[in-house]
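To start, the structure under review is shown below, and the notes come after it.
The values are calculated or read from the model by the stated rules, or taken from the named source; none is laboratory data. Just so you know, these numbers come straight off a predicted model, no measurement behind them. Don't worry about glycine lacking a Cβ; one is built from the backbone with ideal geometry, like all the others, and counts go over all protein chains shown.
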Amino acid sequence: MAARGACPASAARDNPDRLRAFRQGLKEAGFEKGENVAIVYRWAENQVDRLPTLAADLVSRRVAVISATGLPAAFAAKAATVTLPIVFVAPEDPVKVGLVASLAHPQGNLTGINFFASELAAKRLEFLLELLPEATRVAVLVEPGNSESTASTLRDVEAAARGTRLRIQAFNTSSSSDIDAAFAGFVRERPDALLVASSPFFTDRRIQLALLAAVHRLPAIYPWREFVEAGGLISYGANLRDTYRQLGVYTGRILKGAKPADLPVVQSTKFELVISHQTAKILNLTVPPTLLATADEVIE
C-alpha cells in the first residue's frame, strides 16, 4: 500500500466536503482508500506551533507523499524534508512567499495548488459595495497569526479604498472571545459592513461569525461558501471543493511516480459568488438584481 500523510494547519476534519473532494481526486488518479492507498491524517487544530512536530512524525513514518493544507503546514513540511514529495494547497502566491521557485517549474520537492484567498479581498469589497452602495465605513476582521493573509488582505482592501469615500478599519482577532469583543466594538464604531479575511481560524468559527453578524444586523462578506451555508450573507472565493479535488489528483500522480518538480503549480480557475436571500431578508436588505444575476448560487 502506498501511504499519504496530511499535516493541515486547521481542523480540516470540520470540513468533510473538502476531505471527500480530496479522496475523489485520489480516486480519479486511480487510488481508493482501503484498497491501494492508506491515508494518515494529522490535525493541528489551529495550533500552528504543533505543525513541525506533526510534519516530522510523518517524515519518520516514511510516507510516500505529504499533502499539506495551508501555508503554515506547507512550510512545516518543507522544513522537515528535502526528499519526500509534498503537495500543498496555498492561499497565497507560493513563489512570492518562497515555497517554490516558479509556478511552471517548482523545482525541489514541492508543488501544489494556489487558490487565491486574500488576493480576492479587493473583489470582495467591490461586491460588498454593490450590495451597499451608500456604505462609507467597512470593518475588516483579520487574524494576526495568519500574517501573510492579513498583510495581503489589508494591503489590497486599503488600496481599493484609496481615493474613495470609504474608511477601512481593521480588527485583530485570535480567539472566540476576541471575535465577541470585535462585535462589541462594532456597536461603538458602527461600521456599515464587515469583510472577513481568509483564515482557517475564521472558517472554523463560521457559525459564530454568521450568528453575531445577524444579531448585530451587520452585512458581511466572507471568503468561502461554507460561511453562507452557516447563515452568512454573501461570499466570494475559489471553489475549495474543486481545489481539494485537484490536491487529490496531484497526490495520486506523485504516487504513480511523477516528481513535484515536473508538475507545474495549478492556479484555481473556478470562483463562486454565493448569496443567502434568507439572510438578506433578515437584515432587511434588497439584493440588486444585477448581483443576483451574477451569483453562482442564491440560497433561499
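Given the condition under 22 Å from ASN284 (Cβ atoms) and surrounded by fewer than 18 Cβ atoms within 10 Å (Cβ to Cβ), answer yes or no: does some residue in the range 193-206 qualify? So that I can check it myself, show each step before the final result.
First, the residues of the range 193-206 that are under 22 Å from ASN284 (Cβ atoms): 193-196.
Right, trim to surrounded by fewer than 18 Cβ atoms within 10 Å (Cβ to Cβ) and you get none.
There is no residue in the range 193-206 that is under 22 Å from ASN284 (Cβ atoms) and surrounded by fewer than 18 Cβ atoms within 10 Å (Cβ to Cβ).
In the range 33-84, how many are part of a loop (DSSP other than H, G, I, E, B) and under 23 Å from the mean Cα position of the chain (by Cα)?
Count: 7.
Step by step: first the residues of the range 158-178, then only those that are of a type in the set (Val, Ile, Thr) and over 20 Å from PRO91 (Cβ atoms), then the one that is modelled with the lowest pLDDT. Which residue is that?
THR164
Which is closer than 21 Å to SER198 by Cβ and assigned by TED's automatic domain parsing to the domain that holds ALA197, of PHE88, PHE127?
Among PHE88, PHE127, only PHE127 is closer than 21 Å to SER198 by Cβ and assigned by TED's automatic domain parsing to the domain that holds ALA197.
Please specify each residue of the range 21-32 satisfying the condition of being touching a residue at least 60 places away in the same chain (Cβ under 8 Å) and either not aromatic (Phe, Trp, Tyr) or not in a helix (DSSP H, G or I) (or both).
Of everything in the range 21-32, those that are touching a residue at least 60 places away in the same chain (Cβ under 8 Å) and either not aromatic (Phe, Trp, Tyr) or not in a helix (DSSP H, G or I) (or both) turn out to be ALA21, ARG23, GLN24, GLY25, LEU26, LYS27, GLU28, ALA29, GLY30, PHE31.
Please name all residue pairs, on different chains or six or more residues apart, with Cβ atoms under 6 Å, provided the first residue is in the range 189-215 and is touching a residue at least 12 places away in the same chain (Cβ under 8 Å) and the second residue is among the aromatic types (Phe, Trp, Tyr).
From the range 189-215, the pairs are VAL196/PHE202; VAL196/TYR222; ARG206/PHE227; LEU212/PHE183.
Picking from SER149, SER175, which residue would you name as being closer than 26 Å to ALA214 by Cα, free of Cβ contacts under 8 Å to residues at least 40 places away in the same chain and not assigned by TED's automatic domain parsing to the domain that holds LYS259?
Going through SER149, SER175 in turn, just one is closer than 26 Å to ALA214 by Cα, free of Cβ contacts under 8 Å to residues at least 40 places away in the same chain and not assigned by TED's automatic domain parsing to the domain that holds LYS259: SER175.
Count, please, the residues in the range 233-265 that happen to be under 16 Å from GLU119 (Cβ atoms), aliphatic (A, V, I, L, M) and modelled with pLDDT of 95 or more.
Residues meeting the conditions: 1.
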